[in-house]
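A short worksheet on the structure shown next.
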Amino acid sequence: MTTNEKTEYNGPAIEIKGMNKWYGDFHVLKDINLEVARGERIVICGPSGSGKSTLIRCINRLEEHQEGDIIVDGMPLINDLKKINAIRKEVGMVFQHFNLFPHLTVLENCSLAPIWVKKMPKKEAEAIGMKFLERVKIPEQAHKYPGQLSGGQQQRVAIARSLCMSPRIMLFDEPTSALDPEMISEVLDVMVELAQEGMTMLCVTHEMGFAKKVADRVIFMDGGEIVEQNEPNEFFNNPQEERTRLFLSQIL
Ligand code: ADP
Ligand code: MG
C-alpha cells in the first residue's frame, strides 16, 4: 500500500475509554467514555469552562491526555509523531476564530496542506481548493486575502480548507460563536450539507436548531464530565439531569 492510500477502517470513528486530563493540578476531563460511530453526527454543549474544547482538542492531539485511551479511525493516539500525523490527516478541525493564514490568499490557504503534507502537485492542490471553495459557495473569493472577507466567508474558507485534506472526521469548536448573527446561517448551511453527505462530525455548538436538524446524539458536559447524552428529541424534551435542565433553560 502506498502512503497516499486511505486505510479503510470501518470500526468506530472514535473511541475514548476512561480518559482523564489535567492542566497542572486542575482535573479538566474526568473519566470520559465516548464511542462515535462512522457517519455519526454529535453535538456537544455545556456551560463555558466545562471542558468541551479540551475534549475535542485531545482527539487530534492539540492537547495531550494523561490517562485512558483515545483511538481514532482504529489508530491509538500515543506519543509517536508518525501516529499523531496519521491521525491528523484523518481529522479536520474548524475553530471559533477561523485561524486562517492572513498573509496567504484564500486559495493558498486551501492548497497549503495538500502541497506540504500530502506532497500534491500545486496545480492539483489548487484544483481541489477550487472544488471545495465552490462547495462552500465562495469560489469568487479565491484570490482575496482572509482580511478582505466577512467572518462568515472566512469560516466557510476554514471549512473548505479542512475538506481539502479529505478528512474522515470533522471537529468543530463553536464555529459560529464569533460571527455576527446574520452570518451564522451561511456557515450552518454548509455544516448541514456536510452532515447530510454522511461526514462523521463532532460539533461543539450552542446552535440548538442545528442540533435538532442533524445531530444523531447530543452530549451535555459540565465540570469536565459527560453528564447526559441522548438523541435530540429526548435530550431537549425530556432531560434527565437537573444540570441539563438548568443549562437548557438558560440557552433556549
Ligand atoms: P469550554 O470549551 O467548555 O469552555 P475548555 O475546555 O476551554 O472549556 O476549558 C475547560 C477548563 O480548563 C476551564 O476552566 C479553563 O479555564 C481550563 N483551561 C483551558 N485551557 C487551559 C490551559 N491551557 N491551561 C490551564 N487551564 C486551562
Ligand atoms: Mg470552548
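The values are calculated or read from the model by the stated rules, or taken from the named source; none is laboratory data. What you see is a predicted model, and the numbers here were worked out from it, not measured in a lab. Don't worry about glycine lacking a Cβ; one is built from the backbone with ideal geometry, like all the others, and counts go over all protein chains shown. Heads up: the accessible areas ignore ligands, DNA and RNA and are worked out on the full protein's heavy atoms, side chains in. Shrake-Rupley method; radii C 1.70, N 1.55, O 1.52, S 1.80 Å.
Given the conditions (1) touching a strand residue (DSSP E or B) at 6+ places or on another chain (Cβ under 6 Å); (2) open to solvent by 10 Å² or more (accessible area, probe 1.4 Å); (3) on the phi < 0 side of the Ramachandran plot, report the number of the one that Trp22 does not fulfil.
With (1) touching a strand residue (DSSP E or B) at 6+ places or on another chain (Cβ under 6 Å); (2) open to solvent by 10 Å² or more (accessible area, probe 1.4 Å); (3) on the phi < 0 side of the Ramachandran plot applied to Trp22, the lone miss is (1).
I'm trying to understand the selection: among the residues of region 174-197, which are over 13 Å from the mean Cα position of the chain (by Cα) and within 16 Å of ligand 1 (Cβ to nearest atom)?
Ser177, Ala178
Go through region 43-55 and give me each residue that's in contact with an Asp or Glu (Cβ under 7 Å, 6 or more places away or on another chain) and β-branched (Val, Ile, Thr).
Once the filter is applied, which keeps residues that are in contact with an Asp or Glu (Cβ under 7 Å, 6 or more places away or on another chain) and β-branched (Val, Ile, Thr), region 43-55 yields only Thr54.
With the requirement that a residue be open to solvent by 50 Å² or more (accessible area, probe 1.4 Å) and either more than 21 Å from Ala13 (Cα to Cα) or hydroxyl-bearing (Ser, Thr, Tyr) (or both), what does region 187-222 give you?
Residues satisfying the conditions are Asp189, His206, Glu207, Gly209, Lys212, Lys213.
For region 43-74, give me each residue that is away from ligand 1 (no atom under 15 Å from the Cβ) and among the hydrophobic types (A, V, I, L, M, F, W, C).
Ile70, Ile71, Val72 - these are the residues of region 43-74 that are away from ligand 1 (no atom under 15 Å from the Cβ) and among the hydrophobic types (A, V, I, L, M, F, W, C).
With the requirement that a residue be basic (Lys, Arg) and more than 22 Å from Asn33 (Cβ to Cβ), what does region 63-85 give you?
Result: Lys82, single match.
Considering only residues that are within 16 Å of ligand 2 (Cβ to nearest atom) and outside any strand (DSSP E or B), look in region 13-49 and name the one that is farthest from Thr244 (Cα to Cα).
Taking the candidates together, the pick is Gly49.
Among the residues of region 167-176, is any at pLDDT 95 or above, more than 28 Å from Asp73 (Cβ to Cβ) and open to solvent by less than 40 Å² (accessible area, probe 1.4 Å)?
no
When you check Glu225 against the structure, is it more than 17 Å from Leu100 (Cβ to Cβ), without any contact (Cβ under 8 Å) to a residue 60 or more places away in the chain and open to solvent by 10 Å² or more (accessible area, probe 1.4 Å), yes or no?
When the stated conditions are applied, Glu225 does not pass them.
Could you check region 228-239 and list, in sequence order, the residues that are open to solvent by 60 Å² or more (accessible area, probe 1.4 Å) and out of contact with any strand residue (DSSP E or B) (no Cβ under 7 Å at 6 or more places or on another chain)?
Asn233, Glu234, Asn237, Asn238
Taking region 53-70 as the search range and keeping residues that are near ligand 2 (Cβ under 10 Å from one of its atoms) and open to solvent by 10 Å² or more (accessible area, probe 1.4 Å), which one is farthest from the chain's Cα centre (by Cα)?
Out of the qualifying residues, it is Thr54.
Given the conditions (1) within 28 Å of Glu126 (Cα to Cα); (2) of a type in the set (Gly, Ala, Ser); (3) touching a helix residue (DSSP H, G or I) at 6+ places or on another chain (Cβ under 8 Å), which single one is not true for Gly46?
In the conditions (1) within 28 Å of Glu126 (Cα to Cα); (2) of a type in the set (Gly, Ala, Ser); (3) touching a helix residue (DSSP H, G or I) at 6+ places or on another chain (Cβ under 8 Å), Gly46 misses (1) alone.
Which residue is nearest to Lys118 (Cα to Cα), if the candidates are limited to region 140-199 and must be of a type in the set (Ser, Thr, Tyr), touching a residue at least 40 places away in the same chain (Cβ under 8 Å) and not in a helix (DSSP H, G or I)?
Ser166
For (1) within 16 Å of ligand 2 (Cβ to nearest atom); (2) within 21 Å of the chain's Cα centre (by Cα); (3) open to solvent by 80 Å² or more (accessible area, probe 1.4 Å), each residue gets a yes or a no:
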residue	(1), (2), (3)
Gly74	no, yes, no
Asn79	no, no, yes
Arg88	no, yes, yes
Phe95	yes, yes, no
Leu104	no, no, no
Glu124	no, no, yes
Ile128	no, yes, no
